[in-house]
1. What's the total number of residues in region A:208-236 that are modelled with pLDDT under 70 and surrounded by fewer than 20 Cβ atoms within 10 Å (Cβ to Cβ)?
2. Given (1) closer than 30 Å to A:I116 by Cβ; (2) within 14 Å of another protein chain (Cβ to nearest Cβ); (3) among the basic types (K, R), identify the lone condition not met by A:K429.
3. List, please: which pairs have Cβ atoms under 8 Å, are six or more places apart or on different chains, and start with a residue in region A:82-110 that is in a loop (DSSP other than H, G, I, E, B) and end with one that is among the β-branched types (V, I, T) and surrounded by fewer than 22 Cβ atoms within 10 Å (Cβ to Cβ)?
4. Which of the residues that make up region A:123-180 are closer than 24 Å to A:L438 by Cβ, under 21 Å from the mean Cα position of the chain (by Cα) and polar (S, T, N, Q)?
5. Failed condition for B:N5, given (1) of a type in the set (S, T, N, Q); (2) surrounded by fewer than 19 Cβ atoms within 10 Å (Cβ to Cβ); (3) more than 8 Å from every other protein chain (Cβ to nearest Cβ); (4) closer than 28 Å to A:V428 by Cα, with all others met?
6. More than 9 Å from chain A (Cβ to nearest Cβ), loosely packed, with under 14 Cβ neighbours inside 10 Å and free of Cβ contacts under 8 Å to residues at least 60 places away in the same chain: does that describe B:V132?
7. Quick one: in region B:54-105, which of the residues that are among the small types (G, A, S), in a helix (DSSP H, G or I) and more than 7 Å from chain A (Cβ to nearest Cβ) is surrounded by the most Cβ atoms within 10 Å (Cβ to Cβ)?
Amino acid sequence: MQEILANLATGCATALSTLNLSYCFLGVLLGTLVGVLPGLGPVATIAMLLPATLTLPAESALIMLAGIYYGAQYGGSTTAILINLPGESSSVVTALDGHPMARQGRAGVALATAAIGSFFAGTVATFVIAFLAPPLANVALSFQAPEYFSLMVLGLIASIVLAQGSLLKALGMVVLGLLLGLIGTDVTSGSRRFTFGLPALSDGINFVVVAMGVFGVAEIVRNLEDRGSGVAITAAISRLLPSREDWRRIVAPILRGTALGSLLGILPGGGALLASFAAYAVEKRVSRRGAEFGKGAIEGIAAPVSANNAGAQTSFIPMLTLGIPSNPVMALMIGALIIQGIRPGPNVMVEQPQLFWGVVVSMWVGNLFLLVLNLPLIGLWVRLLSIPYQWLYPIILVFSAVGVLSLSNAVIDVYLMALFGALGYLFVKLDCEPAPLLLGYILGPMMEEYLRRALTLSRGDPMIFLTRPLSAAMLIAAALALATVLLPAVRATRAKAFVE
Amino acid sequence: MHRPNAKDLLAGGLFLAFGVLFFVLAQGYPLGSARRMGPAYFPQLLALVLMAIGAATSLRAFIAPGPPIGSFALKALVLVSAGVLLFGLTVEAGGLAVATVLLVAIASAASQQFRPLPAIVLGVGLAAFCAVVFRFGLGLPFPVIGFWR
């Protein structure tokens, strides 16, 4: 306990410096903005802003990028409630009950519930990270190459098991991502691989270029498929504060949502999206007012927004302690660390405590910003929604193009972004999700390195992965995860869960 | 017999093609052994896995039916890609401002609500913004317009 307080004090010292406070503020402000704007997600935004953070200290960069992520979760729920237009995929469920409430003239209460739930969940999740991260990092410190390799296998498998869509295609996207990640110079032999003789590719393709292509450009093309313009704002905001009756109804859902979200966020492949969907489904089942769900039940907002925010935050745990990304946003965070010259993994906490604890504390500070910032500013956010998409996407394209250009002042990065955009759109049309590709892309070179070291250690015997207990346990867990999805019963409920 | 699932068939084909491509390209590097992995070892291993996944996905297309691929926004894809490519082509010789206006003008045409004049106004506005922020503010080493650095 004493140690945790000392750690949090370290974090406060970092997070509460004027510089970091302003980057935290900027992060949540930008996050809310992209959360409100449909068609621009946190992945594309973070990729776009990464080049600009190169000159910042590592902790300021991470604090700002993290703020964009959880700020976007928050902003997404605002538009979901007010105009039935979820700005983020994870706030789809918030619209189910939030918008009916708004239609009943209770938009203010719905927004306040979302704010209160998010803030409570964010506070709890901050402490969950503070308690769970150090022991997890301590375990990870004893890991050697075989354990790391198996951990990455487990992380990748778990992330596709929990994602939606075809398992086989997701697996294909992971492997393709791993292969693309190997483009560039092989660290051990020094030979240049898959560069087609282009010197610009000898350092590999910057992952920001890949992320911007498959998440930014491809997404724009997909949005252009069909888009009626004009958004009708249906709800006026009346009273904000929930009544005593409302309070009574939201306390238990917020607690349940926070617990479920914190848990699901830690799992590889988890995070905000899964957490909010699961919390809604659970709440619908346990609530005595289950029949009112979908017609404006306040419980149907309280639970998923809490789970959403808790999950968004606890998904930092595997990223910060193990160096394993559980979703594309965390993959970008790992990329940001690598750019800053920090090797992701358990050593971050030991060698860079100010970075680790600063980011953790900044999340709580950021949630406070969101609370005081957003309720008064809702009117402004809603007005932003009237920006038509035909103005928005050229702006995104310009910032993306200039952004990749500034990475290393190489024009080839712009061409590659267009290439990955086209490829990403093609894959989306074939129901191949781009997220596993990005996770594989980040982990490719690390996996090769750990495989190489593990096999050197065992003199070429692959049994090393099964004779070391921790490594074997992780591989068995990965196999079990794969097996369960293949069982027909689980498959049916999994499909159902994502339809709901 | 019903028509094969087009999405699975094409996705499987793509995986297969990428697998073959990486496998063949990696032939040029030393393979090494498990004990001393050469630069070709891991890529060829992965390429084999990818080929297997691709084959399985293609085979599944003939077993399980599925929806057709659906409308393909070819016009949007071509215009957006062309805009980005042209940005890259012109930014060094033509300058940031020229490249930005071209990108905005071409990409905007992909929208159904496209009108030329507002698109050009947006392009010029963004060009000015980029010149001030990225060229003069952040010192991006590209000219503003051709000779004007």
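The values are calculated or read from the model by the stated rules, or taken from the named source; none is laboratory data. Not measured: the values here are computed from a predicted model. As a convention, Cβ positions derive from the backbone with ideal geometry for all residues, glycine included, and neighbour counts pool all protein chains shown.
1. 10
2. (1)
3. If the second residue must be among the β-branched types (V, I, T) and surrounded by fewer than 22 Cβ atoms within 10 Å (Cβ to Cβ), the pairs left are A:N84/A:T234; A:L85/A:V231; A:P86/A:V92.
4. Residues satisfying the conditions are A:S159, A:Q164, A:S166.
5. Just one mismatch for B:N5, condition (2).
6. It is true that B:V132 is more than 9 Å from chain A (Cβ to nearest Cβ), loosely packed, with under 14 Cβ neighbours inside 10 Å and free of Cβ contacts under 8 Å to residues at least 60 places away in the same chain.
7. B:A99
Okay, residues lined up against (1) modelled with pLDDT under 85; (2) buried (at least 24 other Cβ atoms within 10 Å of the Cβ); (3) farther than 30 Å from A:N347 by Cβ:
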site: A:G269; (1), (2), (3): yes, yes, no
site: A:R288; (1), (2), (3): yes, no, yes
site: A:V305; (1), (2), (3): no, yes, yes
site: A:F316; (1), (2), (3): no, yes, no
site: A:T321; (1), (2), (3): no, yes, no
site: A:V329; (1), (2), (3): no, yes, no
